[in-house]
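Enquirer: One structure follows; several queries about it will come next.
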Amino acid sequence: MPFSANATPEFEGRGGEELGTELSNTLYKVFNNKHSVDLKSLCISAGEHCWVLYVDVLLLQCDGNLYDAISVAIKAALFNTKIPRVHISADEEGGKEIELSDDPYDCVRLNVENVPCIVTLCKVGHRHVVDATLQEKACSVASLIISVTHKGTITCTRKVGGGSLDPESIFEMTEAGKRVGKALHAPLMKLLQEEESLGKARQKVGFLG
Amino acid sequence: MAADMRLPTIQKPVSLTFSAFDRKDLVVPGDVITSDTGFMRGHGTYVDEEKLTASVAGEVQRVDKLICVKPLKTRFNGEVGDVVVGRITEVQQKRWKVETNSRLDSVLLLSSVNLPGGELRRRSAEDELTMREYLQEGDLISAEVQSVFSDGALSLHTRSLKYGKLGQGVLVQLSPSLIKRQKTHFHNLPCGASMILGNNGFVWLYPTPEQLEEEAGGFYTSLEPVSVSDREVISRLRNCLLALAAQKVLLFDTSVLYCYESSVHHQVKDILKPEVMEEIVMLTQQKLLDQEG
């Protein structure tokens, strides 16, 4: 999880490492269960070979609410991933030979229906705020990170921050987080399919606009 | 409740069609201003092989034989009489250090503030020890520049009832070049909020107080809850200010008011969307041109 110094001068050199390890640990906990991504589709030959998915996230600009943005980006990236088809043929000595198909369009897509999206709720005073900017986050004492699938099931919860959360407010926050998380998935999938259908006509936009 | 998502699109550059700039005046670093050696070089210029070249991006100003370049994006360079909004960063012996978006922290001397109670007396050692009760680190104040030290640091004063510690409100941090110099920087907008346009780019929005605070020389801050309608007006004003700053429009009370009026039929949170921002700012610029002509 490298952090670019573009985001804030604090991330120059090794500054962002602590935040990076915290982020990667949380993301690992969120995405590493058998219901998020269908791991059986990654299998090449049972018991012997399978694809291992690695996700690298480079942070270019930071304005609060990192977890939400990163989870949306990961879901979009997994939707876009094309895994080439593999043919296994038996070798002369009885070993297996793996051939990747040469055709760039012959590929397997991942099913990202069940990939969860993260919603961060920050407690400010007696209320909570979703999608807080950096300034709003500076006013909050504690936040709750919830990962929600498109059906509304919560896969992981985590509390960050030095302040305390009332048990009743935690319940309210999880309910609100579930509502927001559920509402995030539908427009995202629609937009990803729209972008896919644009094909070659899609304009490539860089970071600097 | 629906989330609005969109694909990234290339941002259109800000158009200069409405401005009355003389294009020859704008330079970028490295541009040759003149090859004539009879001119004295001022700030923002340097001599490169007998040619006067600009070292900052801005407009060229010529006063008789002196040529200098006034940069467009710069830290606040204060002059005597400017109104600033600043945040206290340190409490030192007999003075406070205030952050005002300039190259050095500004200084607010203990002798330049009105003590609570309004008495005019010599500052004693006891006053020095209780400085923290008046202004702490993190407090926001409005003040006026009294003088400029030789190293460029500003000396502020709050010796008037309209300056002093700021209470509940919203601070918007913008570039100092966007604030127009006017006779007064304290405005009570008819939409229901008040605004302090600091010359240093810090704009303070707050609910209009009902009665004038006569006591305590500006250190009393009211902590009464602010009504929801006032909060909405202030949020809308803040988003309008951000929209105007993004399109590089000069900020003064009329432009902010026109922008507020043009944004009335959008929801407050929609003002931050790029296409709504462009629409609102175009309407504002048209209204300003109509008013001039």
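Enquirer: Going by the conditions given, is A:Glu168 of a type in the set (Asp, Glu) and more than 14 Å from every other protein chain (Cβ to nearest Cβ)?
Expert: The answer is yes for A:Glu168.
Enquirer: Return a yes/no flag: does segment B:72-89 have any residue that is within 15 Å of B:Lys165 (Cα to Cα), part of a strand (DSSP E or B) and in contact with a helix residue (DSSP H, G or I) (Cβ under 8 Å, 6 or more places away or on another chain). So that I can check it myself, show each step before the final result.
Expert: Here is the first cut: in segment B:72-89, the ones within 15 Å of B:Lys165 (Cα to Cα) are B:83-89.
With the extra rule that they be part of a strand (DSSP E or B), the set shrinks to B:83-89.
Subsequent filtering for residues that are in contact with a helix residue (DSSP H, G or I) (Cβ under 8 Å, 6 or more places away or on another chain) retains none.
No - not one qualifying residue is present in segment B:72-89.
Enquirer: Within segment A:137-188, which residues are touching a Lys or Arg at 6+ places or on another chain (Cβ under 9 Å), closer than 18 Å to A:Ala76 by Cα and not in a loop (DSSP other than H, G, I, E, B)?
Expert: A:Ser147, A:Val148, A:Lys182, A:His185, A:Leu188
Enquirer: Restricting to segment A:115-136, what's the tally of residues that are in a loop (DSSP other than H, G, I, E, B), farther than 14 Å from A:Ser71 by Cα and touching a strand residue (DSSP E or B) at 6+ places or on another chain (Cβ under 8 Å)?
Expert: Selection size over segment A:115-136: 1.
Enquirer: Considering each residue of segment A:26-57, count those that are β-branched (Val, Ile, Thr), modelled with pLDDT of 75 or more and part of a loop (DSSP other than H, G, I, E, B), and give that number.
Expert: Qualifying residue count for the region: 3.
Enquirer: With the condition kept exactly as written, say whether any residue in segment B:145-154 is among the small types (Gly, Ala, Ser) and either part of a strand (DSSP E or B) or exposed (fewer than 12 other Cβ atoms within 10 Å of the Cβ) (or both).
Expert: yes
Enquirer: Then there's this: Restricting attention to segment A:17-38, which residues are among the charged types (D, E, K, R) and within 15 Å of A:Arg158 (Cα to Cα)? Full working, then the answer.
Expert: Within segment A:17-38, the first condition is being among the charged types (D, E, K, R), and the residues that meet it are A:17-18, A:22, A:29, A:34, A:38.
Once the filter is applied, which keeps residues that are among the charged types (D, E, K, R) and within 15 Å of A:Arg158 (Cα to Cα), segment A:17-38 yields A:Glu22, A:Lys29.
Enquirer: Go through (1) under 27 Å from B:Gly86 (Cα atoms); (2) in a helix (DSSP H, G or I); (3) without any contact (Cβ under 8 Å) to a residue 24 or more places away in the chain one by one and return the number of the condition B:Cys259 breaks.
Expert: (3)
Enquirer: If you don't mind, another one. Counting only residues that are surrounded by fewer than 17 Cβ atoms within 10 Å (Cβ to Cβ) and farther than 30 Å from A:Asp38 by Cβ, how many does segment A:143-169 have? Give the derivation first.
Expert: Going through segment A:143-169, the residues surrounded by fewer than 17 Cβ atoms within 10 Å (Cβ to Cβ) turn out to be A:151-154, A:157, A:159-164, A:166-168.
Okay, now just the ones that are also farther than 30 Å from A:Asp38 by Cβ, so A:161-164, A:166-168.
Adding up the residues that qualify gives 7.
Enquirer: Can you tell which of B:Leu135, B:Leu140 is farther than 21 Å from B:Gly78 by Cα and surrounded by 17 or more Cβ atoms within 10 Å (Cβ to Cβ)?
Expert: B:Leu135
Enquirer: When you scan segment B:90-111, how many residues do you find that are crowded, with 18+ Cβ neighbours inside 10 Å, outside any loop (DSSP other than H, G, I, E, B) and of a type in the set (Gly, Ala, Ser)?
Expert: 1
Enquirer: Name the residue, out of B:Leu237, B:Leu272, that is under 23 Å from the mean Cα position of the chain (by Cα) and at pLDDT 90 or above. Talk me through it step by step, then tell me what you get.
Expert: Values: B:Leu272 fails: at pLDDT 90 or above.
Testing whether each residue is under 23 Å from the mean Cα position of the chain (by Cα) and at pLDDT 90 or above leaves just B:Leu237.
Enquirer: Answer yes or no: is there a residue in segment A:172-194 that is within 14 Å of chain B (Cβ to nearest Cβ) and of a type in the set (S, T, N, Q).
Expert: Within segment A:172-194, one or more residues are within 14 Å of chain B (Cβ to nearest Cβ) and of a type in the set (S, T, N, Q).
Enquirer: Taking only segment B:191-209 into account, find how many residues are modelled with pLDDT of 90 or more and part of a loop (DSSP other than H, G, I, E, B).
Expert: Residues flagged as modelled with pLDDT of 90 or more and part of a loop (DSSP other than H, G, I, E, B) within segment B:191-209 amount to 4.
Enquirer: Also, quick follow-up: Among the residues of segment B:156-188, write down those that are of a type outside the set (D, E, K, R) and more than 17 Å from the chain's Cα centre (by Cα).
Expert: Filtering segment B:156-188 down to residues of a type outside the set (D, E, K, R) leaves B:156-158, B:160-161, B:163-164, B:166-179, B:182, B:184-188.
Scanning segment B:156-188 gives B:His157, B:Thr158, B:Ser160, B:Leu161, B:Gly167, B:Gln168.
The values are calculated or read from the model by the stated rules, or taken from the named source; none is laboratory data. Everything numeric here is computed off the predicted structure, so don't read it as measured data. Please note: Cβ atoms are built from the backbone with ideal geometry, for glycine as well, and neighbour counts cover all protein chains shown.
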